[in-house]
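Enquirer: Sharing a structure, written as structure tokens. Questions coming.
Since every read-out is calculated from the coordinates, none of them should be taken as a lab result. Keep in mind it's a predicted model, so treat the numbers as computed, not measured. Reconstructed Cβ throughout: ideal geometry from the backbone, glycine too, with neighbour counts over all protein chains shown.
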């Protein structure tokens, strides 16, 4: 008899598992999602007034050095190859992010920039990424001066807006994501493969869901209390019948009805604005660590090199997650929150044939390629 799987969440994690289970194992899969659209936070659409592709939940540029992940996704999309370059507005100038040797020469006098460059290369080597908090801990006074400058001008303001706390209060993994790059490479990522789906992320996800064994129900809320494990060791769920397993990609604390307390998240208020001009910015993304209440401005037509006499930008205002008011975007990585997550994780071990994965279920910040790699790994375990 054909096995049936219930998947909660139609983002990348749930979509990959659905496609693999249907295509490889010939299982029936039902995906449910509380939103009115597929693709989770990578959902994109064409803005009707400008005909420009917009990422509803903020910019997503796919990048990976995992060949297996690249080859897997390439079955479902053609690519628009795109090397991401990000600027930050610092002391009235646009400088490269991550802060690199070129940035150094933009903000300092030539004599000072040359001295600092030589010390960086001697201390750390060329083409090396140095987390800002590591740079602050060097013994050299000149490098300490540089670290303090970058900390104050690039890192501190952005982090305070993004996370609502000082960098030192977050896990080291956060500061490691914003390094000083001892290099002239001005790309935001250095991965082997960098691109955006040619027809958009939503279309790519739609292509993954076309298998006849996959059924989809949107605007459908999931509550595990409505799943009953019957005498046949199968889950009976509302009007949808029996399932051999459940795969959950939502918030782990919500799954357990917050019995141990709520895991905190950061959210975003994203404001979109149309412009009657061809271009507004010099590049797709400009960060504002020192100025304004938003963290970054994004001009979407750059991503797919779309031609239009108009443009559309988004401005991101970070805020706390509030249930029913906004979306969960970023788990907040600190020791207290990690301990609470580990307690919830223990509860998952008591459940038979229920599997948890994804940014919300794992309470972990994943890039897209790591999300897909994790889903492929879970599928391998199921197989």
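Enquirer: Taking the Cα atoms only, what angle lies between the long axis of helix 368-382 and the longest principal axis of the chain, rounded to 10 degrees?
Expert: 30
Enquirer: What ranking do 10, 227 get, fewest neighbouring Cβ atoms within 10 angstrom at the top?
Expert: Lowest to highest Cβ neighbour count: 227, 10.
Enquirer: Now a separate question. Testing the spin-label approximation: label points 7 Å from Cα along Cα→Cβ at residue 257 and residue 275. State their distance in nm.
Expert: 5.1
Enquirer: Figure the gain on full extension for residue 345 and residue 225 (residue separation times 0.36 nm, minus the Cα-Cα span) and round it to one decimal in nm.
Expert: Full extension from residue 345 to residue 225 adds 41.4 nm.
Enquirer: Output the 0 to 90 degree angle, nearest 10, between the alpha-carbon long axis of helix 12-24 and the longest principal axis computed from the alpha carbons of the chain.
Expert: 50
Enquirer: Compute the distribution of all C-alpha to C-alpha distances in the chain, in bins of 20 Å from 0, and list the percent of pairs in each, rounded to whole numbers.
Expert: 25, 54, 19, 1
Enquirer: Would you report the distance distribution of C-alpha pairs in the stretch 172-289 as whole percents per 10 angstrom bin, up to the bin with the largest distance?
Expert: Binned Cα distances yield the sequence 8, 20, 27, 25, 15, 5, 0.
Enquirer: Related question: Given contacts defined as C-alpha pairs under 8 Å and at least six residues apart, what's the relative contact order of the stretch 201-259, whole-number percent?
Expert: On the way: 30 pairs, mean separation 10.1, N = 59.
Here the relative contact order equals 17 percent.
Enquirer: Express in % the proportion of alpha carbon pairs of the stretch 279-383 at distances exceeding 19 Å. Present the calculation step by step, with values, prior to reporting the outcome.
Expert: Details: 3566 of 5460 pairs.
Above the 19 Å cut-off, the stretch 279-383 has 65 percent of its Cα pairs.
Enquirer: Here's something else I'd like to know. Contact order normalised by length for the stretch 97-182, with contacts defined as Cα pairs under 8 Å and 6 or more residues apart; what percent is it?
Expert: Across the stretch 97-182, relative contact order equals 44 percent.
Enquirer: Helix 110-124 sits at what angle to the longest principal axis of the chain, using alpha carbons and giving 0 to 90 degrees rounded to 10?
Expert: Result, in degrees: 50.
Enquirer: A further question follows. Do you know the relative contact order of the chain, to the nearest whole percent, from alpha carbon pairs under 8 angstrom that are 6+ apart?
Expert: Result for the chain is 25 percent.
Enquirer: Would you calculate the separation in nanometres between label points at residue 122 and residue 93, each defined as 7 Å from the Cα along the Cα-to-beta-carbon direction?
Expert: 2.3
Enquirer: Mind ordering 15-22, 345-352, 265-272 by average Cβ neighbours within 10 Å, highest first?
Expert: Result, highest mean Cβ count within 10 Å first: 15-22, 265-272, 345-352.
Enquirer: I'd like the projected area of the stretch 97-182, averaged over all directions, using the convex hull of its alpha carbons. Report it in nm² with one decimal. Don't skip to the answer; put the middle values down first.
Expert: On the way: hull surface 20.8 nm².
Result: 5.2 nm².
Enquirer: Once every DSSP H run of n ≥ 4 in the chain is given -39500 (n - 2.57) and the sum is divided by its residues, what mean residue ellipticity at 222 nm do you get, rounded to the nearest 500 deg cm²/dmol?
Expert: -8000 deg cm²/dmol
Enquirer: Ordered by packing density, taken as the mean number of other Cβ atoms within 10 Å over each peptide's residues, highest first, how do 301-311, 284-294 rank?
Expert: 284-294, 301-311
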